[in-house]
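Before any comments, here is the structure.
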Amino acid sequence: MPSNPTHQPDRQAVQQLVRQLSAQPEDPSRYDPQARPYRQRVRLRLAETCRSLPRRPLRPAWEQLTARPWPASGPAAAGVGLAEVAATAAAPLRHEVANPYAEHRLYPSPRSKFPVRVAVSDGSGQQLVVPELDALVEVGGQSHPVAVETASALAALPAFYGGLRPVLAGLETGHVLAALADTGRALGHPLTVAGPATGNWTDRLGEWTGPVVPGFRLTPVDSERSVGSPEQAAGHGGRPLSWAEVGWLRNSGRAPGGFYGFTARHGSIPEDGLTAVLAAAARGAANAGYLDQWLPAVRAYCAVRAVAGLPDGLYEAPLEPSQTAAGPAGMRRIGDLAALRGGLVVDSAPAPGLAYDLAGCNMVWIMAVDAARAVRPLGPEQALPGVLATVGWLAQQLCMGAASARLFARPLRSFNAATIAAAIGAHDALVPVYQVACGRNRFTEPAIDLRFHRTEATGGQ
């Protein structure tokens, strides 16, 4: 949807959006008594409530994805519909035994809390994806158009986040939308973000979880825009990686159990790693659908270290599809890495135990939002959820592109914003909102593969 060029945001609206985007945790100690999944009251209450409702098993389509080369679009898979697309995107795929945040899906989530919920409308009723029950639960009896929708249960996030909760949920919404769209494309059911969520299932979800923020709606489309030629990732023996393999490889970096923070394996990576990430970003920017109107408000920068063929430094990366498709040649160097010193450390002052050695990462992507431009399309009310979802959408593409190059990609919301803003030459309305740190894993740990072993969830039992 095109922006409305006649709408000029007032200064007060822009300042309000800047404050919202700049939210910080209210409790710097970040104590979380519900860290482990079995202590997460909101998720447990939702599962217990849904246990008495009609439901059917989740059936993720990982078997079909093993035969689909990444990132190519695929034909419609037999026996796969929107319910299977949603199940594949939202169900857990891996349990990392020694990781305190053990549950992993196709997309990242703050502390593996997964506040964003997904519902599927098949033309008659609405069904909520409830991974905690391994089930699709009936939550709406009215007729609804065929669509997949999202909503955020804010109370699933730790209380110490306070005003940061809507920001984290908004960013995760973008990750989820992109994961759904990617999965649909791979399984022959391409989806586009069509607008805000409209289903009444969000009212019932709010009764069970507390405050809910409606998200967005994806609807089926005939095709998507093509940007350049698909970049096939190489697997063992030079064969292309499948969608299933790239989904498994997506991770946020690991550290040994009992340790905080992480670092990358120091050393250079080939230019192909950067090219893969940029190609994924190009595809995401070209197929953002309803979110396209907020793309002009998003700026992307990358701190590059030890990437073959590109001098170390801070670069600006264009997000216009025609420019992004040019690969590393389309990036513009704007400074040295020294300007970022202190900015690529997570909470070094209030929480030194959470400091990450981002200086050892080969790429640290920095996403910033021009609040003045974000307000223009639909005004201040829609600016925050719209632009956050757009940033999260692009970040998910970066994560998958990194996975295809066997690199981790760790999204980070906590950083030294003042240092980052100074390094990128930000004006008052340009706010750094997100980082994605990429590199090679230094540590590995045991993980249980959950993709191909499902339980049978039967109605009311």
Q. What about THR150, is it part of a helix (DSSP H, G or I), under 16 Å from the mean Cα position of the chain (by Cα) and either modelled with pLDDT of 95 or more or among the β-branched types (Val, Ile, Thr) (or both)?
A. no
Q) What is the one condition in (1) at pLDDT 95 or above; (2) of a type outside the set (Val, Ile, Thr); (3) open to solvent by less than 10 Å² (accessible area, probe 1.4 Å) that LEU384 does not satisfy? A) (3)
Q: Select from the range 423-451 the residues that are farther than 30 Å from LEU93 by Cβ and more than 20 Å from the chain's Cα centre (by Cα) and write down the one among them that is most open to solvent (accessible area, probe 1.4 Å).
A: ASP428
Q) When you go through ARG105, ARG165 one by one, which is the residue that is within 20 Å of the chain's Cα centre (by Cα), open to solvent by less than 20 Å² (accessible area, probe 1.4 Å) and of a type in the set (D, E, K, R)? A) ARG105
Q.
I'm told ALA67 meets every condition in (1) modelled with pLDDT under 90; (2) part of a loop (DSSP other than H, G, I, E, B) except one. Can you identify the failing condition by its number?
A. (1)
Q. For SER404, are the conditions met, namely being out of contact with any strand residue (DSSP E or B) (no Cβ under 7 Å at 6 or more places or on another chain), surrounded by 18 or more Cβ atoms within 10 Å (Cβ to Cβ) and modelled with pLDDT of 95 or more?
A. yes
(Q) Being aliphatic (A, V, I, L, M) and not in a strand (DSSP E or B) is true for just one of LEU168, LEU136. Which residue is that? (A) LEU168
Q. Using beta carbons and a limit of 6 Å, which pairs, at least six apart or on different chains, have the first residue in the range 190-202 and in a strand (DSSP E or B) and the second one aliphatic (A, V, I, L, M) and surrounded by fewer than 20 Cβ atoms within 10 Å (Cβ to Cβ)?
A. THR192/VAL221
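The values are calculated or read from the model by the stated rules, or taken from the named source; none is laboratory data. Model, not experiment: these values are computed from the prediction. Reconstructed Cβ throughout: ideal geometry from the backbone, glycine too, with neighbour counts over all protein chains shown. For the accessible areas, the whole protein counts, side chains as well, though only heavy atoms, and no ligand, DNA or RNA atoms are used. Shrake-Rupley method; radii C 1.70, N 1.55, O 1.52, S 1.80 Å.
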